[in-house]
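The values are calculated or read from the model by the stated rules, or taken from the named source; none is laboratory data. Predicted, not measured: the structure shown is a model, and the values here were computed from it. Counting neighbours? That spans all protein chains shown, and the Cβs are built from the backbone with ideal geometry, glycine included. Protein only, heavy atoms only, side chains kept; ligands, DNA and RNA dropped before computing areas. Shrake-Rupley method; radii C 1.70, N 1.55, O 1.52, S 1.80 Å.
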Amino acid sequence: MSGKRLSLERKKMLAGYVYIAPWAIGFALFMLYPLIYSLWLAFHEVVGVGNFDLEPVGWGNFNKAFVLDTQFIPLFISVVQDAVINTPLILVFSLFIAILLNHKIRGRAFFRAAFFLPVLIGSGLAMQQLLYAGVGRDTLVNGIGVPEEVFLYMGPTFSQIVFDMLSRLTVVFWKTGVQILLFLAGLQGISLSLYESARCDGATEWEMFWKITLPLISPIILLNLVYTCVDSFTDINNRMMVYIKDTAFTKIEMGYASGMGWIYFMFIFLLLIIVFVATRRFVVYTGEK
């Protein structure tokens, strides 16, 4: 019995290696060397663009980012604030839509495709052109026709908070397609017998959500949290990414751009570690003993 169990575990382990092999090979061939070279470049300054001559500057590029550059810190804080606000909105909205789509309704496949469609057309250059045209800045506010008197009644400070929240919802809704599909997969993986047993014990829908649904999809919540954070920080329209790119290829300050990139990367890396550590006690893995 133990031999068969061990064999099954080995098969699962080998299957996992097979699934991650394409990514590992691609990372080793196309990303590992640029990653190491960018770290080397972060401690140097390009003095000759033609021959790409490098001059060691030590920690100078990192010191420039934190002390000398007046744009880096405010831009960095602004990007973090956007991620902190957008991430809960995306997770809550995508979970809400996934719960609705998980019910047996007519046209369920159509609605799934409709919510995923913005992921395909709202990325890359298409997304940039929409944002340049003003879509996402005040589209939702104008669409629902909020009277100006409402904002005047709330006062300048609170009305600005409400306006910013409504203005960002359009872009937030465009970024929920992947999360909705992942939540749907998690919801459909929950055995219906659990809900039937809970109903027999007199549990309400609200109690079943908190006692059954939410704990069992907690790994999917963690997955979506990590995905949403990474997607927010590495989006093509992220102002920090644009600033780093312009510094490298417009100002030709590749050493300094590499330094900013590594500061940005280490912040995201440490943030994800904090997320995994903080959520470890709340995530339920049904396959564990």
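Some values worked out for this structure:
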{"item": "Residues being farther than 19 Å from T170 by Cβ and free of Cβ contacts under 8 Å to residues at least 60 places away in the same chain - total across the range 81-107", "result": "6"}
{"item": "Checking V178 against (1) in a helix (DSSP H, G or I); (2) under 30 Å from H44 (Cα atoms); (3) in contact (Cβ under 8 Å) with a residue 60 or more places away in the chain, the condition it does not meet", "result": "(2)"}
{"item": "Complete set of residues in the range 158-211 that are open to solvent by 80 Å² or more (accessible area, probe 1.4 Å) and modelled with pLDDT of 75 or more", "result": "Q188, L192, E196, R199, C200, D201, E205, W206, E207, W210, K211"}
{"item": "Condition met for R239 (open to solvent by 50 Å² or more (accessible area, probe 1.4 Å) and in contact with a Leu (Cβ under 9 Å, 6 or more places away or on another chain))", "result": "yes"}
{"item": "Among (1) under 22 Å from the mean Cα position of the chain (by Cα); (2) assigned to a helix (DSSP H, G or I), the one test that I212 misses", "result": "(1)"}
{"item": "Any hit, the range 220-233, residues being hydroxyl-bearing (S, T, Y) and open to solvent by 50 Å² or more (accessible area, probe 1.4 Å)", "result": "yes"}
{"item": "Cβ pairs under 8 Å, 6+ apart, first in the range 218-246 and without any contact (Cβ under 8 Å) to a residue 60 or more places away in the chain and closer than 30 Å to G189 by Cα, second of a type outside the set (D, E) and assigned to a loop (DSSP other than H, G, I, E, B)", "result": "D231/K175"}
{"item": "Flag if V150 is open to solvent by 60 Å² or more (accessible area, probe 1.4 Å) and at pLDDT below 90", "result": "yes"}
{"item": "Residues within the range 258-289 that are open to solvent by less than 30 Å² (accessible area, probe 1.4 Å), free of Cβ contacts under 8 Å to residues at least 40 places away in the same chain and not in a helix (DSSP H, G or I), tallied", "result": "0"}
{"item": "Residue tally, condition β-branched (V, I, T), open to solvent by 60 Å² or more (accessible area, probe 1.4 Å) and outside any loop (DSSP other than H, G, I, E, B), over the range 242-257", "result": "0"}
{"item": "Residue within the range 48-66 that is open to solvent by 70 Å² or more (accessible area, probe 1.4 Å), more than 30 Å from L214 (Cα to Cα) and aliphatic (A, V, I, L, M) present", "result": "yes"}
